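Peer 1: I'd like to ask you about the structure that follows.
The values are calculated or read from the model by the stated rules, or taken from the named source; none is laboratory data. All values reported here derive from a predicted model rather than from experimental measurement. Every residue, glycine as well, gets a Cβ built from its backbone with ideal geometry; the counts of neighbours run over all protein chains shown. Accessible surface is based on the protein model in full, side chains and every heavy atom, while ligands, DNA and RNA are left aside. Shrake-Rupley method; radii C 1.70, N 1.55, O 1.52, S 1.80 Å.
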Amino acid sequence: MSDSTHPGDTSEKSGSTRNTQRGTADQVIQAGDVHGDLNVGTSTLRAWLLPAGIVITAVFVGAAIVAVPGMGKNTTGDIGGQAPSELRVTADLSSNDMGPWGYVSESPDFPGADLVKRLSRPMAAADRAIARDVRLSGAASLRQQVIRLHLEGPKDRAITVTDIRPVIRDTRPPLNGSLVWAPPQGPELSSEVLLKLDDPFPVVQSSVEDATGRRRVPAGPFFPAHTIKLNDGETHEVVVTASADVHSYDYELAVIYQSGANVKEVRVNDSGRDFRISGMACGGPHIASYRAAYVLTGDFSVVPEPNPGHISVLSDC
């Protein structure tokens, strides 16, 4: 990967992939399934299916806290002791703004009167600026979230990344806020590296296409079968699609690497805050239940759902 990220860069970037390798919530906003579509240049409208009055059939609230390249927390040390940073890792969540998208918050005021007004306008759900502002409002994600990890090695030596693992700081029941959903149009592509946080021992997984050719499914641990070697100052990007169905999670990512004879670790999070993701709040089989909901309509506006405590969904609940 030719692009690199630097501390102090406050712009959000979405680089290309190469060798891709936490109490209740009061409201949720969701505009569809997020499956880590790597075609970030694709027209936004092609990611949506437009039928008005569609009953919500799947619920995905992806962790929506911003992680800006160069702004994410990056702490490094020898395992068992601190040391100067050699490997620089930043996290970028901006690709989640492409849509479909979904968010949940503990605050009863989420997403706030201003955003509610903006979301009620036609085509609001397809407006990346609105999606970004919702993501930056302190929300957490429903079911899936894409994190692009930008790795930059030291300029005077080679290092080898040997593992990327979640560090779960809090586990709770799913957040039960309000809901917005619209299914994507066409194939639901996902990134090649998957992380299912509900697993007893979650690890980064390789993936393969399923029988339909439309989704990628886990195909065994990515590490240690693979490693990522960074020669002098070389950069690399790893796109991680994290998922949660059963619980909600606050977590960081630890990037383990070897420099000479030393094994070190970089902790990566969302600008000093944990990444956050939540499973669906269920009220019964195929019924999602939230305290307030904002629902996508045929003109791409996002408006209040009249019965948020009993929303029919096709996905398991």
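Peer 1: Return the residues of region 91-139 that are closer than 21 Å to Ser243 by Cβ, at pLDDT 90 or above, outside any helix (DSSP H, G or I) and not charged (D, E, K, R); say none if nothing qualifies.
Peer 2: Ala91, Leu93
Peer 1: Another question, if that's okay. Quick one: which residue in Ile228, Ile277, Ile256 is closer than 28 Å to Ser178 by Cβ and not polar (S, T, N, Q)? Can you show your working first?
Peer 2: Numbers: Ile228 fails: closer than 28 Å to Ser178 by Cβ; Ile256 fails: closer than 28 Å to Ser178 by Cβ.
Being closer than 28 Å to Ser178 by Cβ and not polar (S, T, N, Q) holds for just one of Ile228, Ile277, Ile256, which is Ile277.
Peer 1: Continuing with the same structure: Could you tell me how many of the residues in region 100-115 are open to solvent by less than 50 Å² (accessible area, probe 1.4 Å) and closer than 21 Å to Ala288 by Cα? Give the steps one after another, and end with the answer.
Peer 2: Taking region 100-115 and keeping what is open to solvent by less than 50 Å² (accessible area, probe 1.4 Å), we get 100-105, 107, 110-112, 115.
Checking the rest, the ones that are also closer than 21 Å to Ala288 by Cα come to 100-105, 107, 110-111.
So the count comes out to 9.
Peer 1: What are the residues in region 123-180 that are open to solvent by less than 40 Å² (accessible area, probe 1.4 Å) and touching a helix residue (DSSP H, G or I) at 6+ places or on another chain (Cβ under 7 Å), if any?
Peer 2: Ala124, Ala126, Ile130, Ala131, Val134, Arg135, Gln145, Val146, Arg148
Peer 1: Moving to a separate point now. Taking the condition of being closer than 22 Å to Met280 by Cα and not polar (S, T, N, Q), how many residues in region 230-255 meet it? Can you show your working first?
Peer 2: First pass over region 230-255, keeping only residues closer than 22 Å to Met280 by Cα: 240-252.
Now drop any that are not not polar (S, T, N, Q), which leaves 240, 242, 244-247, 249-252.
Final tally of qualifying residues: 10.
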